[in-house]
Amino acid sequence: MLAFWLHTHQIDIVHWGQANAKTVDDLWQELMLGECRLQDYPVMRLVDVTNVLVQQKGLLLREVGQELRNGRVRHRDSLPAEKMLPGEDALTTARRCLSEELNLTDSAICSDFALVMTQFKQKDSPSYPGLPSCFTIHTVKVQVQGLPVEAFSTFNAAYEKGDPVRVHHWRWQESHAQHERP
């Protein structure tokens with residue numbers, strides 16, 4: 001049904017499920033979980049995202065890769081991030097991100113969450129090539145403890161709930177001025 005909708009809206013899915021692209025089933029899962037919505041006119045995937053700024057000793061935590069359920073590895077260069085669920089605010093989503101992606105408990109959070117900015121960005125998402133996407137991006141800053149000082153990987157706690165990402169790969173990098181990448 002979703003593949004038919006995409007076809008009737010002239011979205012070419014031939015490269016979905018390859019390289020960094022997710023599958024039609026992954027998009028269906030996002031829709032069912034409420035992580036995104038589809039708009040008919042203009043054709044658009046609407047996504048609310050929370051990026052989390054985690055700093056340690058002047059370095060910023062970046063996700064550099066994801067291992068998917070089918071064994072593929074997606075290369076990334078982004079902040080820890082989660083798609084917001086219906087009824088969530090940015091701070092709740094940031095807390096869920098730290099729990100699911102970094103396996104951190106509330107006791108590892110050293111400071112209150114602070115909403116740094118909200119931006120809007122329209123682009124062709126690398127997750128679903130050819131499907132225009134509009135992101136509302138909330139960036140939240142927080143201090144945490146208990147993360148390794150070297151590059152590390154974490155098992156995705158949301159994988160058992162249907163998330164296609166099994167493992168996240170992280171690295172500390174010099175801080176950059178841009179924090180908007182979904």
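Here is how the numbers come out for the structure above:
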{"item": "Selection status of Met44, of a type outside the set (Phe, Trp, Tyr) and either crowded, with 20+ Cβ neighbours inside 10 Å or at pLDDT 95 or above (or both)", "result": "yes"}
{"item": "Considering residues of region 83-127 that are among the hydroxyl-bearing types (Ser, Thr, Tyr) and assigned to a helix (DSSP H, G or I) only, the residue farthest from the chain's Cα centre (by Cα)", "result": "Ser107"}
{"item": "Region 1-26 residues that are within 22 Å of Gly162 (Cα to Cα), paired with ones that are among the aromatic types (Phe, Trp, Tyr) and not in a loop (DSSP other than H, G, I, E, B) (beta carbon under 6 Å, 6 or more apart)", "result": "Leu2/Trp28"}
{"item": "Residues of region 128-144 classified as within 24 Å of Asp89 (Cβ to Cβ) and assigned to a loop (DSSP other than H, G, I, E, B), total", "result": "1"}
{"item": "Candidates Gly65, Gly17, filtered to the one that is surrounded by 14 or more Cβ atoms within 10 Å (Cβ to Cβ), assigned to a loop (DSSP other than H, G, I, E, B) and under 18 Å from the mean Cα position of the chain (by Cα)", "result": "Gly17"}
{"item": "Filtered residues of region 140-155 (kept if more than 14 Å from Leu98 (Cβ to Cβ) and either at pLDDT below 90 or under 14 Å from the mean Cα position of the chain (by Cα) (or both))", "result": "none"}
{"item": "Subset tally (residues that are at pLDDT below 95 and over 13 Å from Gly65 (Cβ atoms)) for region 156-172", "result": "8"}
{"item": "Test for Gly71: is it small (Gly, Ala, Ser) and assigned to a strand (DSSP E or B)", "result": "no"}
{"item": "Condition met for Leu46 (of a type in the set (A, V, I, L, M, F, W, C), assigned to a strand (DSSP E or B) and either over 17 Å from Phe135 (Cβ atoms) or touching a His at 6+ places or on another chain (Cβ under 7 Å) (or both))", "result": "no"}
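Residue-by-condition table, conditions (1) in contact (Cβ under 8 Å) with a residue 12 or more places away in the chain; (2) in contact with a strand residue (DSSP E or B) (Cβ under 7 Å, 6 or more places away or on another chain); (3) at negative phi:
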{"residue": "Gln29", "(1), (2), (3)": "yes, no, yes"}
{"residue": "Arg37", "(1), (2), (3)": "no, yes, yes"}
{"residue": "Val52", "(1), (2), (3)": "yes, yes, yes"}
{"residue": "Lys57", "(1), (2), (3)": "yes, no, no"}
{"residue": "Gln66", "(1), (2), (3)": "yes, yes, yes"}
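The values are calculated or read from the model by the stated rules, or taken from the named source; none is laboratory data. Everything quoted here is computed from the prediction, not taken from an experiment. When we count neighbours, we look across all protein chains shown, and the Cβ atoms used for this are built from the backbone with ideal geometry, even at glycine.
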